[in-house]
1. Starting from segment 18-33, take each residue that is modelled with pLDDT of 90 or more and list its partners that are of a type in the set (Asp, Glu), counting only C-beta distances under 7 angstrom and pairs at least six apart or across chains.
2. Residue by residue through segment 1-40, note down the ones that are open to solvent by 20 Å² or more (accessible area, probe 1.4 Å) and touching a Ser or Thr at 6+ places or on another chain (Cβ under 7 Å).
3. List the strands (runs of 3 or more DSSP E) that sit entirely inside segment 1-101 and contain at least 1 residues that are under 13 Å from Ile117 (Cβ atoms) and in contact with a Gly (Cβ under 6 Å, 6 or more places away or on another chain).
Amino acid sequence: IDDDIGIDFGCSSSLTLSDGRKFNPRVEEGGRLRHLQRKLQKRRDKRSNNSWKLKRLIRREHQKLNDRKDELANKFVCGLKPYRRVVIQDEQLSKWKSGGHGKAVHHSILGRVKAKIKSLPNARVLDAFIPTTKICLDCGAVQDMKLSDRKFVCSCGVAEDRDVHAARNMVRLYGMIRDFVGAERTEFKRVDFEEAYESRFHRDYEGCRREKHEAVSR
């Protein structure tokens, strides 16, 4: 496929593609696993033969969950191999857990998908601190968005789903930075973005962001 695809990671919709498709694969603990765990908790002697049998059964159920997550991740990533480039952001998923999204991240396959994509030869990775969600690449404006804002709206007329906007921006940002640097690289840092932004829109990104924040505060 002679085209680039961007992928945005999230909690409500785990995987959003720049072409508008959304995937939310989740693998949750089944009733059998919860039953075995409750049964083990009720036992007083955790070193008895029956307790060891329960622990083996619990490990087996966990292995089944891991195998299912691997299967889903492999199927998803396999569909990305024909694309010319797969652009993602190096999200710090471990911090999502401490931010109140622990259960959503645990039941998803985000970590597996991220690791498998980064191993692809056509993978391109943007720094986690590059603003893929808040920026409008049509006019260069920076929006002050909350996590509860599910739609990106710009004064220049751009209005689209927040996650789709971020995924599309990944592809466009990678192209913008690559053209500025003049080289095809697998990873780009925030400093590369800021220099490319200043070159294209002839203004400083941090200054533009502060102006927007002050305007919203007023």
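1. Arg32/Glu61; Leu33/Glu61
2. Lys22, Phe23, Asn24, Pro25, Arg26, Leu40
3. Filter on segment 1-101 gives 85-89.
Yes or no, residue by residue, for (1) open to solvent by less than 40 Å² (accessible area, probe 1.4 Å); (2) at pLDDT 95 or above; (3) within 21 Å of the chain's Cα centre (by Cα):
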{"site": "Gly157", "(1), (2), (3)": "no, no, no"}
{"site": "Asn169", "(1), (2), (3)": "yes, yes, yes"}
{"site": "Met176", "(1), (2), (3)": "yes, yes, yes"}
{"site": "Phe193", "(1), (2), (3)": "yes, yes, yes"}
{"site": "His202", "(1), (2), (3)": "no, no, no"}
{"site": "Tyr205", "(1), (2), (3)": "yes, no, no"}
{"site": "Val216", "(1), (2), (3)": "no, no, no"}
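The values are calculated or read from the model by the stated rules, or taken from the named source; none is laboratory data. Keep in mind that what you see is a predicted model, and the values were worked out from it rather than measured. Cβ sites come from the backbone with ideal geometry, for glycine too, and all protein chains shown count toward neighbours. Protein only, heavy atoms only, side chains kept; ligands, DNA and RNA dropped before computing areas. Shrake-Rupley method; radii C 1.70, N 1.55, O 1.52, S 1.80 Å.
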